[in-house]
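Working notes for the structure below.
The values are calculated or read from the model by the stated rules, or taken from the named source; none is laboratory data. Predicted, not measured: the structure shown is a model, and the values here were computed from it. Backbone-built Cβ (ideal geometry, glycine too); neighbour counts: all protein chains shown. Just so you know, the surface numbers come from the protein's heavy atoms only, side chains and all, with ligands and any DNA or RNA stripped out. Shrake-Rupley method; radii C 1.70, N 1.55, O 1.52, S 1.80 Å.
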Amino acid sequence: MIQVAVDAMGGDHAPGEIVAGAVMAVNARQDIRVMLVGKQDAVSAALSGHTYNREQIEVVHASEVIETEEPPVNAIRKKKDSSIVVGMNLVKKGGADAFVSAGSSGAILVGGQVLVGRLKGVERPPLAPLIPTETGVSLLIDCGANVDARPSHLVQFARMGSIYMEHVMGVKRPRVAIVNIGAEEEKGNALVKETFPLLKACEDINFTGSIEAREIPHGGADVVVSEAFVGNVILKLYEGVGATLISKVKQGMMTDLRSKLGALLVKPALKETLKSFDASRYGGAPLLGLNGLVVKTHGNSKRAEVCNSIIQCVTFKEQEINEKIKKSLFPQE
């Protein structure tokens, strides 16, 4: 049974939606046991209205909460009994196989490196969310952890992302591309120009060259490599345009009687199409390259995304992704 520690106090809708997501996960899978980490009274109260197998959910008390606006390093150092620190220590000490949180991104990034620790030889752990595309999904790596990355970091990101897509998502020989302002090899900033030949020389990945941002939604690559500043801009713009487009489509369908009648006819097909572009169905973003699994979900995550983030931990653990990353990056050890 996979043991997943969940930060019950993290996110805009905690603890209610976090707890509901945990219940959804254990009701869907009998091979998952969830430890809800947070203030005992609040978490127990949120659990009281749900039906679930009592053996699959445990409440682990943590008296403190790290708020989003707190400086991450100080928060991790001073709030030893916070839900994030207690949850990550469960992973560090082997009490849990994974930790899932919708809480402070900074605290999760710092805690992941300081408490859980990096795999030996991993220079920087990247955040790697799955994003929906016309042909399925792509892995965007890095989307927020390393804004001042070096070429060697991006090479490791590409290799870790390739392993993830092949073994978690089942994509054989995933296409790896680096985000650029043009398809030509000579284009880009200094970081891209220096990284490109290094990726080209990697025999263990299927490097296809540069990818422009407009090709990402079309599924132009399975693994999209960038440093965190660019990756985060792509991710947030992706989410914003998607939400705006959906809103405008719904608005347009309600303008008059004719459009309302038309909406009734296209609603089933449109609903299915929009569902395929719902990023929440793929769970959160794993912080790759750590000694244990840490998954960051959106701060505004509701129960479905929390549930999917918990369930994705099962595949990660079963496929031994950390072991495969270590073997790929450092085969001589």
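Modelled label-to-label distance, E67 and K120, 7 Å Cα→beta-carbon offset: nm?
Spacing of the two 7 Å Cα→Cβ label points: 4.2 nm.
Rounding to the nearest 20 debye, state how big the charge dipole of the chain is about its Cα centre with +1 on each Lys and Arg Cβ and -1 on each Asp and Glu Cβ.
My answer is approximately 420 debye.
Which of A75, A183, A149 ends up with the largest GNM mean-square fluctuation for the chain, with Cα atoms connected below 10 Å?
A183
Quote to one decimal, in nm, the extra length available between N300 and E203 on full extension: 0.36 nm per residue of separation minus the C-alpha distance between them.
Values: separation 97, 0.36 × 97 = 34.92 nm, distance 3.97 nm.
Full-extension gain reported as 31.0 nm.
Which percent of the accessible area of the chain is formed by carbon and sulfur heavy atoms (probe 1.4 angstrom)?
53
As a check on your grasp of the helix formula, calculate [θ] at 222 nm for the chain: sum -39500 (n - 2.57) over DSSP H runs of n ≥ 4, divide by the residue count, round to the nearest 500.
Details: 11 runs with 143 residues, N = 333.
Result for the chain, helices only: -13500 deg cm²/dmol.
Given a 10 angstrom Cα cut-off, can you work out which residue in A62, A201, A46 is the most mobile in a GNM of the chain?
Answer for the Gaussian network model of the chain: A201.
Using packing as a proxy for protection, rank 241-254, 2-15 so that the peptide with the highest average count of other Cβ atoms within 10 Å comes first.
On the way: 241-254: 11.9, 2-15: 25.6.
Ranking the peptides 241-254, 2-15 by packing returns 2-15, 241-254.
Stretched out fully, how many nm does the piece from K248 to K187 gain, at 0.36 nm a residue minus the Cα gap? Please list the in-between numbers first.
Details: separation 61, 0.36 × 61 = 21.96 nm, distance 3.56 nm.
Stretched out fully, the K248 to K187 stretch lengthens by 18.4 nm.
Find how many whole Å separate the alpha carbon centroid of the stretch 126-162 from the alpha carbon centroid of the stretch 167-183.
9
Tally Lys/Arg at +1 and Asp/Glu at -1 over every other residue whose Cβ is under 13 Å from the Cβ of L191; what's the total? Please report the intermediate quantities before stating the final value.
Working: positive: R150, K187, K193; negative: D142, D148, E194, E227.
Cβ neighbours under 13 Å give a net charge of -1.
So how far apart, in nm, are the two label points at K260 and M1 if each is 7 Å from Cα heading toward Cβ?
If labels sit at K260 and M1, their model points lie 5.2 nm apart.
Whole number in Å², please: accessible area per residue of the chain, 1.4 Å probe, ligands, DNA and RNA not counted.
48
Computed from the coordinates I sent, percent of Cα pairs over 36 Å apart equals one of (1) 35; (2) 32; (3) 21. Tell me the label.
The calculated read-out lines up with (3).
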